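Every read-out reported here was derived from the displayed coordinates using simple, explicitly stated rules and does not represent laboratory data. The structure presented is a predicted model; accordingly, all values stated were derived computationally and were not measured. With ideal geometry, Cβ positions are generated from the backbone for all residues, glycine too; neighbour counts draw on all protein chains shown.
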Amino acid sequence: MLLLAVDTSGRDGSLALARAHNPTQAKSGLAWGTHAFELLELVPLAGRMYSAQLIPELEKALERQKLQKQDIDAYVVASGPGSFTGLRVGLSTVKGLSEVLHKPIAAVSVLEAAARLTAAKGPVIVALDAGRKQVFVGDFHFDMGFNVVRAKESLVAYEQFFESLRESQIPAFSPDQAVREAAAAQQVTIGESVAPQADMYACIGYQKIVAGETTPAEVLEANYIRASDAELFSLPKLMP
């Protein structure tokens with residue numbers, strides 16, 4: 001299966017072409033570095049230029065691989081949270097390709113991708129800078145096979161987030177320096193993590209496609225996480 005993955009959720013983005021070979025392994029937790037998944041292309045996309053870059057860079061990547069758009073079997077897209085304009089570009093591009101070529105789409109949460117990159121098994125918190133002294137927070141729990149047991153996403157103010165972390169023993173990570181520095185100023189520890197790119201979205205998206213978790217183009221929408229969700233946010237505590 002040939003996959004196209006697109007991430008235009010943040011300041012910088014990327015697209016990836018990947019080939020998956022083993023659907024059985026995907027069901028039990030597919031990972032990079034296995035024979036089941038081959039990364040063909042990982043192309044960076046400059047922020048604020050997504051609409052001008054995405055299709056031309058895709059065409060160049062396909063040409064380098066001697067492939068055509070019709071060879072792509074499925075699409076994966078970072079669905080948010082993130083930049084309103086950036087998400088719209090990625091989603092509209094993938095939706096357009098899917099509608100024309102009649103191929104499935106897997107939408108992947110940016111927070112889930114960030115959480116998986118921490119390689120944590122069990123509970124983990126990830127935070128992404130949302131601007132205006134707010135953070136997008138992902139509260140996840142992964143079992144030993146890296147399957148999602150719990151997933152909760154919220155938008156909260158820095159102060160509320162840091163206060164919740166003080167009362168929680170769950171490890172927290174962020175790829176954003178601004179979040180880590182603000183936490184350090186409040187004597188709160190947040191570990192450094194890696195920001196996900198399109199290759200990671202391709203890997204997660206393939207698992208979703210194999211599991212039948214696809215989204216029709218006509219109902220695919222961005223996951224912006226509204227401010228009202230902040231009222232629902234509270235970090236669980238680990239039992240002693």
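A few points about this structure:
- Hydrophobic, long helices, defined as DSSP H runs whose alpha-carbon span along the helix axis is 20 Å or greater and whose mean Kyte-Doolittle value is at least 0.0, occur in the chain at 84-101.
- Going by neighbour counts of Cβ atoms within 10 Å, the residues His141, His102, His21 line up, fewest first, as His102, His21, His141.
- Label zone of Ala184 (point 7 Å out along Cα→Cβ, amide N under 18 Å): in segment 127-156 this covers 127-129.
- Segment 49-106-segment 161-198 distance, computed between alpha-carbon centres (Å): 31 Å
- Ranked for footprinting exposure by Cβ neighbours inside 10 Å, fewest first, Met200, Met144, Met49, Met1 give Met144, Met49, Met1, Met200.
- Sorted by Cβ density within 10 Å, fewest first, the residues Ser9, Ser83: Ser83, Ser9
- Between the entries [x] 19.3; [y] 18.2; [z] 20.2, the label attached to Kirkwood radius over Cα pairs in Å calculated for this structure is [y].
- The radius of gyration of the Cα set in segment 117-195, together with its Dmax, comes out at 11.9, 36 angstrom.
- Whole-number percent relative contact order across the chain, with pairs defined as alpha carbons under 8 Å at least 6 apart: 24 percent
- From its DSSP helices (H runs of at least four residues, each -39,500 (n - 2.57)), the chain gives a residue-normalised ellipticity at 222 nm of -9500 deg cm²/dmol.
- Bridge orientation summary for the chain: considering DSSP beta bridges with both residues in this region, about 70 percent are antiparallel.
- Length available on full extension from Lys121 to Asp71: 0.36 nm per residue minus the Cα-Cα distance, which gives 14.4 nm.
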